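Report on one structure; see the data block that follows.
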Amino acid sequence: MVFEIDKRVCYRSEDGAMWPSGDEGSTVTLTLTMNRLLACLLEKQGQVLTRNELLDSVWDAHGLRSSSHTLNKYISELRKHFVQFGIVEECITTVPRVGFMFNSDVEISVMTQPNIVGKSIFNVEKTETQKVKSRSLIGGKNRFLSISLASAVILISATFVVLGVGVPSKDLSQTTNLKTYFLFNYDECPVYTVQKNSASLSEQKKELFIDLAQEYEIDCLEGSSFLYQVSESYLYGNKGRAFISRCTSRNDKYISCLNNYWNGYERTH
């Protein structure tokens, strides 16, 4: 089902695609959770949904961790998308101490698509993969980080060992390549992991990355890419470890890396 919002933005609930009306080439794809949140708000346009209702239906019902802080961040991101596509009026209204609602004054129309029949806006399977366009500093989803990253790799080697991630050599300074796997784009910055990403865990990895990056203000900077690893237990809200390294390049050379490491529920350096 495709919604036209305020005659300026199109939103397809099946895959979370959003684009300016008449310009599908500028499509942005929402994460599964953000897609569920927007679909829920649109379905109940003009009705106030309490925080608990949204957390239960969008997060808890899908086995994901939830908090009021997380909900606020996702609402903020949706608002940014609407502004980005030219809707300056407030689409999602905050009802203090209660929850949120999709503004009833914003015109919503459903666009008919012959090839989409009988699909609910909530018929999005948890295992559905996101269609995210890969952007790489060097190229390819399975790329190799060059030896110019050796200094950063040395800094994070201890973390990889603790996380149980194998490294190609005991002496990383002698390692010529570190194989990485594209996960998704955080804003305009590609995020890579050092382990292959299964379809069943990829979405949870993305959401945890976004939560950590936003909470600790790890921004996407021009010319930056991220190296990211997380233990499976941490994904499910249990004690575990996570690591994010933001490396910034200039003239195709890495000039600095900022490393962030979480152990259990505490951030360490």
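The values are calculated or read from the model by the stated rules, or taken from the named source; none is laboratory data. Here the structure is a predicted model, which means the values were calculated and not measured. Every residue, glycine among them, receives a Cβ derived from its backbone with ideal geometry; neighbour counts consider all protein chains shown.
Quick notes on this one:
- When segment 87-96 is filtered for residues that are in contact with a helix residue (DSSP H, G or I) (Cβ under 9 Å, 6 or more places away or on another chain) and over 24 Å from L32 (Cβ atoms), the ones remaining, listed by number, are V88, E89, E90.
- Residue in segment 11-25 that is surrounded by fewer than 17 Cβ atoms within 10 Å (Cβ to Cβ) and either within 16 Å of I75 (Cβ to Cβ) or modelled with pLDDT of 90 or more (or both) present: no
- Strands (runs of 3 or more DSSP E) within segment 23-117 that include 2 or more residues in contact with a Ser or Thr (Cβ under 8 Å, 6 or more places away or on another chain): 99-102
- Check on S231, among the polar types (S, T, N, Q), outside the structural domain of R36 (by TED's automatic domain parsing) and without any contact (Cβ under 8 Å) to a residue 12 or more places away in the chain: no
- Unmet requirement for L235, which otherwise passes all of (1) among the aliphatic types (A, V, I, L, M); (2) modelled with pLDDT of 85 or more; (3) within 21 Å of H69 (Cα to Cα): (2)
- Lone qualifier among R79, R65 - being outside the structural domain of L212 (by TED's automatic domain parsing) and at pLDDT below 85: R65
- Looking only at segment 51-84, and only at residues there that are touching an Asp or Glu at 6+ places or on another chain (Cβ under 9 Å) and within 23 Å of I5 (Cβ to Cβ), the one that is surrounded by the most Cβ atoms within 10 Å (Cβ to Cβ): F82
- Across segment 58-86, the number of residues qualifying as within 13 Å of L38 (Cβ to Cβ) and among the β-branched types (V, I, T) comes to 2.
- Within this structure, E90 fails the test of being assigned by TED's automatic domain parsing to the domain that holds E53 and either at pLDDT 90 or above or under 19 Å from S13 (Cα atoms) (or both).
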